[in-house]
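Working notes for the structure below.
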Protein chains: 2
Amino acid sequence: MIFPLCPRARQRRKEARPGELLSAALEVFGERGFAATKLDDVAKRAGVSKGTVYLYFDSKEALFKAAVESAVIPAVEAGEALAADHSLSPAEALRTFVFWWWEKVGASDIGALPKLLVAEVGNFPELGKWFHENLVMRGKRAAASIIERGIASGDFRPVVAMDVARILFAQMFAYVLWRRAFGPAMPDLPKPEAYFATVVDILVNGLKGETKCA
Amino acid sequence: MIFPLCPRARQRRKEARPGELLSAALEVFGERGFAATKLDDVAKRAGVSKGTVYLYFDSKEALFKAAVESAVIPAVEAGEALAADHSLSPAEALRTFVFWWWEKVGASDIGALPKLLVAEVGNFPELGKWFHENLVMRGKRAAASIIERGIASGDFRPVVAMDVARILFAQMFAYVLWRRAFGPAMPDLPKPEAYFATVVDILVNGLKGETKCA
DNA sequence: GATTAGTGACTGACCGGTCGGTAATTTACT
DNA sequence: AGTAAATTACCGACCGGTCAGTCACTAATC
């Protein structure tokens, strides 16, 4: 998705540029953070020069916010669509939701978002509110709807669905952060399939030995 | 702990300065990140001028690393001591461990560490390895020792203790990050007592209705 | 030839780091 | 005790490098 560096292949591509720039920006901002990111680096990664960035975005800050928004919206919409699928058992649906989320969001370039947001809300406070309303709340509500289905069907005991959704989200959030931030330094971090399977097993079955009596 | 700004009260305090500077540095780095932090601001918060910073630390980077190390070491040592206390039941011990950790680490200025490390490992790769070995692994082993006690006593089913420790750590990690980063923007975030009580309840008892048959 | 996407040298503000100077404190001497 | 000399914590103006943002120009496309 990044334009190759071959200088002679340089072309004029007015429609494709904004997307390429947003994608490159999300990558570099995600790696280095806002302040440590140089626009020259973003431009180079998108295969253009710095001047071109300013043809499409007013400032570094505008590019940053646009990159964040462009990543959040598709992620949350896809998550809501998935939670609305009622064809699986509640426990199965939880497993699918979590693992799908990893594949579609955590492992893609959207996965840079949590780290980026955590690092930068201190410098962009309004981003925190927006992120909470547009990603966290909607995501938690989607997960909670699965839990509620499980309670209604008698598969789960009557817990507070939003509390469990919060726990589930914290796990997904932590795993993505961990992998992005400490991945190279953490050889013992399990593969996502194994990690999320364990999480859902513990959440569903608990630690108590008595569970086996069922 | 921060020296008051009263200019006439300025004194020479060779022994106290390094600690004051480290504390101020941890605060400001935690709020803004490494690159966005100005040494003038750190100096001002510690009640000195920028030149004084360079009397005690070689560079901005040296100050940063010293601030991180000075916060990590007491946190991890206190955590290990707590896990070694065998006087509580396993489920009680888990609750205590998690909640104690919040009070001693999450709510103090050490709580700035997770956010700071997540944000900066990209720019300081060696920090990631060090952090993993000296904080994450030791913390997880401490939590795992509690789980293993529960398995040995028959309170818990025979899960992989380190897996559950990872899940527990992810929760603590996520809560601290959340509070620090999005706290003002997240009015629905429960108080730590309620949050951790729910986490331990779900981990121990699970979601399944059958648990109640015990 | 006209239009416009794209370039990259340039500028100015900003900030990490320095260093000559100041004043608080201690030491030495009477 | 008084005070002069020596010491050193601390200050803040300054320097030099860096990078966001600009603009006169180039070249691809119509």
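Taken across both chains, chains B and A shield about 5400 Å² of accessible surface from a 1.4 Å probe.
Taken one residue at a time, the phi angles of the range A:94-111 give Karplus couplings (6.51, -1.76, 1.60, θ = phi - 60°) of 4, 4, 5, 4, 5, 6, 4, 4, 4, 5, 7, 10, x, 8, 8, 5, 5, x Hz. Gly and Pro are set to x. Annotation for B:Asp58, label-to-label distances across the other copies: 4.4 nm (shortest first, one decimal, point 7 Å from Cα along Cα→Cβ). Per the Debye calculation on the range A:130-178 with a single equal scatterer at every Cα and no solvent contribution, log₁₀ I(q)/I(0) for q = 0.22, 0.31 Å⁻¹ amounts to -0.76, -1.09.
Solvent exposure of chain A amounts to 44 Å² per residue of accessible area, where only protein heavy atoms count and the probe is 1.4 Å.
Note on the range A:2-138: Rg/Rh from Cα positions, Kirkwood definition for Rh, rounded to two decimals, is 1.04. Farthest toward the positive end of the dipole of the protein assembly as shown, out of A:Ala25, B:Leu113, A:Ala197, is the Cα of A:Ala25, where the dipole comes from beta carbon charges about the Cα centre. Per-residue accessible area (protein heavy atoms, 1.4 Å probe) orders A:Thr52, A:Thr37 as A:Thr52, A:Thr37, starting from the largest. This model, with +1 at the C-beta of Lys and Arg and -1 at the C-beta of Asp and Glu, gives the range B:7-140 a dipole about its Cα centre of some 680 debye. What a 1.4 Å probe finds exposed on the range A:25-123 is 53% carbon and sulfur by accessible area, rounded to a whole percent. Derived from the Cα gyration tensor, the three semi-axes of the equivalent ellipsoid of the range B:129-214 are 25, 21, 8 Å, largest first.
Considering helices alone, the calculated mean residue ellipticity of the protein assembly as shown at 222 nm is -20000 deg cm²/dmol, with DSSP H runs of length four and up weighted by -39500 (n - 2.57) and normalised per residue. Any idea how far the Cα center of the range A:13-56 sits from the one of the range B:56-107, in Å? Cα centroid to Cα centroid, the span is 39 Å. Summary for A:Asp40: label point 7 Å along Cα→Cβ; distances to the equivalent points in the other copies, ascending, 2.4 nm. Position B:Pro158: other-copy label points at 3.7 nm, ordered by increasing distance, label point 7 Å along Cα→C-beta. Each semi-axis of the equivalent ellipsoid for the protein assembly as shown is √(5λ) with λ an eigenvalue of the Cα gyration tensor; in descending order they amount to 37, 32, 17 Å.
For chain A, a Gaussian network of Cα nodes joined below 10 Å ranks A:Leu63, A:Leu22, A:Leu203 by mean-square fluctuation, and the top entry is A:Leu203.
Using unit Cβ charges (K, R positive; D, E negative) and no other charged atoms, how large, in debye to the nearest 20, is the dipole of the protein assembly as shown about its Cα centre? Taking the Cα centre of the protein assembly as shown as origin, the dipole is about 1220 debye.
Within the range A:13-64, the GluC sites (Glu not before Pro) that combine a DSSP coil assignment with at most 14 other C-beta atoms in a 10 angstrom radius are A:Glu15.
Springs between Cα atoms under 10 Å define the GNM used for chain A, and in it the highest mean-square fluctuation of A:Pro74, A:Pro192, A:Pro125 occurs at A:Pro125.
For the cross-link pairs B:Lys14/B:Lys129; B:Lys65/B:Lys104; A:Lys129/B:Lys129, which exceed 24 Å when the distance is taken from alpha carbon to alpha carbon? Cα-Cα > 24 Å for B:Lys14/B:Lys129; A:Lys129/B:Lys129; rest within.
Overall size of the range A:55-214 from C-alpha positions, given as principal axis extents largest first: 65, 36, 26 Å.
The values are calculated or read from the model by the stated rules, or taken from the named source; none is laboratory data. Only a predicted model underlies this, so the values are computations on that prediction, with no experimental measurement involved. Ideal geometry is used to build each Cβ from the backbone, glycine not excepted, and the neighbour counts take in all protein chains shown. Heads up: the accessible areas ignore ligands, DNA and RNA and are worked out on the full protein's heavy atoms, side chains in. Shrake-Rupley method; radii C 1.70, N 1.55, O 1.52, S 1.80 Å.
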